Amino acid sequence: MRRPGKRGLAAVLLFAGGLCPRAVAGPIDPLDIPSAPVRGWYLSPEEVGRKSDLVVKGVVESVASVEIERNVWTDYAVRIEETWKGAWARPTLVVRRAGGRTATLATCCGPALRARPGEAWVFALARRDNGTFDVYGLTRGAFRISDGAGIRDHRGFVYEEPFPDGVGWLESIPLAELKRRMTGGSGRGDRDGDGLDRKGRREPPVLEESSAPGGVVPPPADPRPVPPDGSPVPTRERSDAGCVPVDTFPRDGGGMEACHGLLPWIAIVVLPVFIALVFRVFGRKPARRWAAAGAVILLLAAGSWAYIRSQWTPQGGSGNTGLYWDNVTPSPAAYFQGTRLEYHLITSGDFSIPSATYQWTIVNAFQTWEDSPEATIAFVRGADITNGDYTEFSIGFSNASDQTQWGSSMGSSTAGVSRFSWYVPSLRMADTDICFNRDISWSTDGSNYNDLESTVLHEIGHSLGFGHDPHLMAPMSYEGAWDGLNSNSIHDRRLTENDDIGLTLVYPPAGWVAARGTIAGSITEGSNNLHLGVIGVFDSGGRLVMTTLSNLGQYKVERLPPGDYTLRAFPSFDPYPADPYGLYQNINLPISGTPSDFTTNSTHDGAATVTANGTTTLNLTAASGTPAMRALYTTRHRGGGSYSFTRKGLRLQRGESGRIGVTGTGFPANTAEIAEFSIPGGGLTLSNPSVQVDWTGSGQNTILYDVSVAADAALGTRALILRRSTAPNDRYIVFGFIEIYEVGSLSAAAGPANPAAGYVAAGATDRVMLHASLAADSKEPVRIRQWTIQGAGTGPASSIASVRLYHDADGDGVVDVGETQIGSGAPSGSPPSLAIPSAWTVPPGTTQRFLVVYDLSGSAADGDSFSASLTALTATGVKSTRTLAPDTLPVAGALLTVDGSPPTGTVNDGATAGADIDSQVETTSIAANWPDFGDPHSGIASYAWAVGTTPGGEDIVPLTSVGLATSASATVSLAGGATYYTKVRAVNGAGLIATVVSDGVAIAATTVDVLLAEGYNLIALPLEPAVPLTAQGLAEAINADGGNCTRVLQYNGTGYDVHTVGSGSGFAILPGVGYFVRCTVASTWHAEGYRFRALTSGLSLADGYNLVGLPLDPVPSNRYTAESAAVEIASDGGACTRVLRYDGTGYEVHTVGSGTGFTLRTGEGYFLRCTKPSTWTVRR
């Protein structure tokens, strides 16, 4: 995983900080704190006071940035004037908040506290373990004192519900009242009296069919349809704290940072005026005035610090290049295992993830990012931890005191918060941690809109360097996941093509960047540069591929596949008059100014051809004006007589039919006014339009169409284009209105190496019980979230110590080194069963093999049987997010029966079956047999044998498998007089082993007769003597057998060394040397000793004549001739020209090259004439 030389994103926002991260020249302002919004619920002063440890009124004396282990904290030294709650003996204290900036590092952790020295504040504080304090609820426990009132700034939050009556973005409370409420009042969690607290959850609105025109019941006066019981409709927003970078755009020869700081001032100046206007227009009816005023409040909050990365500069250039992880230039190395970004789940302690189900939900979200088909980013779950520390990417849940694992107080009403740190100015990531609120009613099955997996997927996107996206269907969109169908909110658990391209752009494989191209240019209306225009990129088939925003009239869409594209533009609405529940509500916030008003029609669309590694310039134009239509909801028929409404796009399956629509203001009043209702991309048939007009005076019309999706419709997202006949040039575009998907399939079968029925030992380990194949069709990757392994047979679950599941990468049916273990556990129940959670993906169009392995505990009895079957899989389509029902389950493995007794038998020395020898004269081979071995239950599976100089030893023949053979032999070198033992290792069908050793075979001495004539005899030793011989000893041995040897002669290269018998011991008699012995009578010498044990022996030969003998027993005995000996000497690099033997009267001479010559035999001596020093390696 490397960072490319040029990086950026057209369709996805790169995360980097609410106050855009930058290299800072000169002194660092400690209040220049990167900030980001978080989502949650309003916290009353009563609740803040009740849950805080200490409430003080005081003056900020100093502010300083503190860098601790790759994170920046900001310390506020406070001089205490009054203590309202709790006890603190010292006159000062330190409020330490996560977030800040130094010259080399920046950290973002939710809203920033901008308390300046000299300002008076009321702080509700949560005590930290290190003796410092944090503001309770991030900044919601901080009230700046001004004109006798405490002012609380809510502008860093996005609330899921409107403010209480009388509360605005800047909440002002007289100090006396504030003190009373924080020290003794009750909270106002249930402000509307509906019995639900702020975390209450309801399904999205459902409207029933009626006889009213258009076929739906009109909604109530509130702009949002309300469920029949009157409970508030939950809004689906992201629970993240995302610091998002934008680039520096050149203007007037300089640079301008597009940061969010302008928005709060807009809120301060415009919001009170607007709310006053709302109250004047809507009178005193709370429901109506807060429906309007609260709408604008939510609009200002929603996604206000999220920016799109619409232009980049090369790495090392003058502009920001966005946050990124880099394992090549480690950021830092401790966060990687090889090339994989390592994360840690907090599974125990105060910040633990509440359940194993939640843990695997998080793991699956990481896997979805990794499954992006081309990006090189990869993850690994590191060791689970008790609490996060500064050296780990940790994910946890808040503790009972509403604190994060890094010590920030998130409060009881914050859904989640993330902390990110990066190096300045490189923007390489230094640290990240994520914490979710333990009190939220998270779902893992789509049963409510707090879907944990899609939320984690979104947060991981921030951890990878991404921010928010104007593409309505993207998981990084501002909108959350709720399709309004069957209470199922899981469809945001997948990536769109928009996300895949963006992720691969930041983490590309080799050659990917050069194979793609870029479209860049301007968007203007006359001489006006258009700001924050949403630009959609459509491929040649009309599918929506990517989206981006313009910045000050400039845009860039990077790294598209080569081909033809069409670009269409539509404005981001000004946030103030816009309906807060519209499809574009969350992208309507200024980066460096308010969005430009403009309109477009088809004449303003641009066409561009992208080439590999090229940049195509396309300048877009627009017309003046403001779109009169505003889309608020997508609409879908739920079945029966009801429709659902959602702020997300709709998903339709290939071959599906239904009735869909869109609801909004300024829409056509009848079908005749619909000039265009089109969904580019082909494969869709729209028919039977209808319009439901003006729901109870709200000005909302609903356009409905029957839709039919072709079986071969192109997959991916589509836009909606809507025009009225009364204003044909006023075109409305919803980018991401529909996504076409298809549902894959998964089939299961026995693998090619599935084991057969057999036997197993009671304590067997690593026993393969099942080899299974899983095949995904070509439609989509398949995620396996849980495997159910079930046993059969008579053996109890208690006898199975462990079940392990492996990916058999090479498909050989064996667990090889390096193959991935997917999961393990101990089964329970009867029959034994084990559910193994996972995040395993089978790529489309592939077949993978898997192994189920048992370890038995040893408690099983003889005759108990065990098996393993894959009985169930919880699988989902990675793209469709639909639950798949794999066919052909169960897949059964082998039934193995316990055999508790090992094989039995005896081992015989020698080669004859059934016979045992105690000695042998052979010194170069050994043999054994064991024909009576057997096993009455599972039979013999294999034998292995070994030979050693001690019982059970293996120093002569190492333990060697012989299959099912019941005898074996080996060519070896055995010492005379030694005893050798054969060991046999027999394994039965259950894997039980019997090891039996023979009683040994001794190497015995033997005799060889040497005939001696009267006179001189040329001899050599025919055996290895039991004791060393000298010339005198040789003569005495000959004479003892009736001979009369008087002399022994040894050739020394120029003459002879002569030993006269009786004159001392004489020279040593050695194997491989020839000697003359002079006898006065003919006799036979019965030479005694051990057969030569050498298999090869090297003789050194001098230049000239050498008197030698054979130092071993050739096989066959006539193996060497005079000629072959000379040829062998030559092959060893020597040169032998003559071989001579003595016949009692003279020499028989063989000239090399003149034929075969005579045979060389053990016990005879020979002269070899060499023309240079040589070596003869004599071989048996």
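The numbers here are math on the coordinates, done by the rules we state, and not lab data. It should be emphasised that the depicted structure is a prediction, and the values quoted were computed from it without experimental measurement. Methodologically, a virtual Cβ is constructed for each residue, glycine included, from the backbone with ideal geometry; neighbour enumeration extends over all protein chains shown.
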Relative packing of peptides 926-934, 622-630 - highest average C-beta neighbours within 10 Å first: 926-934, 622-630
Reachable aspartates and glutamates from residue 85, criterion Cα separation under 20 angstrom, eight or more residues apart if same chain: 46, 47, 53, 129, 134, 177, 402
Distance from the stretch 72-111 to the stretch 1119-1141 (C-alpha centre basis), Å: 97
Whole-Å distance, taken between Cα centres, linking the stretch 951-1021 and the stretch 820-862: 47
Using θ = phi - 60° and Karplus 6.51 cos²θ - 1.76 cosθ + 1.60, couplings along the stretch 446-451 (whole Hz; Gly, Pro as x): x, 6, 9, 7, 8, 5
Relative exposure of 648, 779, judged by other C-beta atoms within 10 Å (fewest first): 779, 648
log₁₀ of I(q)/I(0) at q = 0.09, 0.10, 0.16, 0.20 Å⁻¹ - the stretch 746-898, Debye sum with one point per alpha carbon: -0.26, -0.33, -0.80, -1.20
Hz values of 3J(HN,Hα) by residue in the stretch 1130-1146 - Karplus curve (6.51, -1.76, 1.60), Gly and Pro given as x: 5, 5, 8, x, x, 8, 10, 9, 9, 10, 10, 10, 9, 10, x, 10, x
Residue 329-residue 1132 pseudo-label distance in nm [points 7 Å out on the Cα-to-Cβ vector]: 6.6
Stretchable slack from residue 757 to residue 1096, in nm (0.36 nm times residue separation minus alpha-carbon distance): 117.1 nm
Projected label distance in nm at residue 1030 and residue 90, using a 7 Å step from Cα toward the beta-carbon: 9.9
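Using a Förster distance of 22 Å, how high is the FRET efficiency between residue 802 and residue 356, based on the Cβ-Cβ distance and rounded to 0.05?
After rounding, the FRET efficiency stands at 0.80.
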Two-site FRET efficiency, residue 750 against residue 1057, from Cβ-Cβ distance with R₀ of 51 Å, rounded to 0.05: 0.05
Built amide H within the under 5 Å cut-off of residue 737, gap 5+: 718, 719, 720
Contour minus Cα-Cα distance for residue 685 and residue 916 (0.36 nm per residue): 74.1 nm
Cα centroid of the stretch 623-663 to Cα centroid of the stretch 1046-1100, whole Å: 112
Kirkwood-Stokes translational diffusion coefficient of the stretch 908-1001, alpha-carbon pairs, 20 °C, 1.002 mPa s, µm²/s: 161
Sites residue 615 and residue 339 - FRET efficiency at Förster radius 35 Å, r taken between beta-carbons, to 0.05: 0.70
Where Rh is the Kirkwood radius over Cα pairs, Rg/Rh for the stretch 975-1044: 1.34
Label-point separation, residue 1172 to residue 82 (7 Å along Cα→Cβ), nm: 11.3
Using θ = phi - 60° and Karplus 6.51 cos²θ - 1.76 cosθ + 1.60, couplings along the stretch 421-431 (whole Hz; Gly, Pro as x): 10, 9, 7, 10, x, 5, 6, 5, 5, 10, 6
Full-stretch length increase - residue 1115, residue 814 - with 0.36 nm per residue and alpha-carbon distance subtracted: 103.9 nm
Packing-based exposure ordering (other Cβ within 10 Å, fewest first) of 402, 1009: 1009, 402
Relative pair counts by distance (%), Cα atoms of the stretch 425-570, 5 Å bins: 2, 8, 15, 16, 18, 15, 12, 8, 4, 1, 0
For residue 675, distant residues with modelled amide H under 5 Å away: 723, 724, 725
Equivalent ellipsoid semi-axes - Cα gyration tensor, the stretch 628-741, angstrom: 22, 16, 12
Amide N proximity, the stretch 1038-1059 versus residue 1008 label position 7 Å along Cα-to-Cβ, cut-off under 16 Å: 1038
Residue 62 long-range amide H proximity, modeled H, under 5 Å: 77
